[in-house]
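Data first, discussion second: the structure below is written as structure tokens.
The values are calculated or read from the model by the stated rules, or taken from the named source; none is laboratory data. Only a predicted model underlies this, so the values are computations on that prediction, with no experimental measurement involved. All Cβ positions, glycine included, derive from the backbone under ideal geometry; neighbour counts span all protein chains shown.
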């Protein structure tokens, strides 16, 4: 009788694991977005890095708008993934990079926001802006354009 109870409990645990795991372990996706009027349609990770850091140019070559990188004010899963996988830098190095650019070239550091929604709103109204957000937040948004996707 105890063997049957163990078997039923074990089967129930397996059932719950199979039912709940796909939704709770589903991979998160983040996207790199630009204003819908930006002529860039797609970017590779290396180009995202170069433009977000303004390493080569300060303006988008296609529309001559200033490149305005956006970021989160506080560390989160999207910022951590972007810094690590795209920039290949940690948060301290990113801050030092922008501080040195500001000191050397009088460049404004990245614009920082409290949420994906605030970043999206800024990019919607700023043609030169580029940023990273939760992919679910930009679904069916015609004012921004996804130029790169990254699975976390």
Being touching a helix residue (DSSP H, G or I) at 6+ places or on another chain (Cβ under 6 Å), surrounded by fewer than 20 Cβ atoms within 10 Å (Cβ to Cβ) and closer than 18 Å to residue 143 by Cα is the filter here; which residues of the stretch 26-44 pass it? none
Taking the residues in the stretch 113-152 that are surrounded by fewer than 14 Cβ atoms within 10 Å (Cβ to Cβ) and in a strand (DSSP E or B) as candidates, determine which candidate is modelled with the highest pLDDT. 149
Please determine, by comparing only the residues of the stretch 27-59 that are out of contact with any strand residue (DSSP E or B) (no Cβ under 8 Å at 6 or more places or on another chain) and assigned to a loop (DSSP other than H, G, I, E, B), which one is nearest to residue 86 (Cα to Cα). 55
Residue check, residue 80 within 10 Å of the chain's Cα centre (by Cα) and more than 22 Å from residue 42 (Cβ to Cβ): yes
Taking the criterion of being without any contact (Cβ under 8 Å) to a residue 60 or more places away in the chain, within 18 Å of residue 30 (Cα to Cα) and in a loop (DSSP other than H, G, I, E, B), would at least one residue in the stretch 96-112 satisfy it? no
Tally time: how many residues in the stretch 45-100 are surrounded by fewer than 13 Cβ atoms within 10 Å (Cβ to Cβ) and in contact with a helix residue (DSSP H, G or I) (Cβ under 7 Å, 6 or more places away or on another chain)? 3
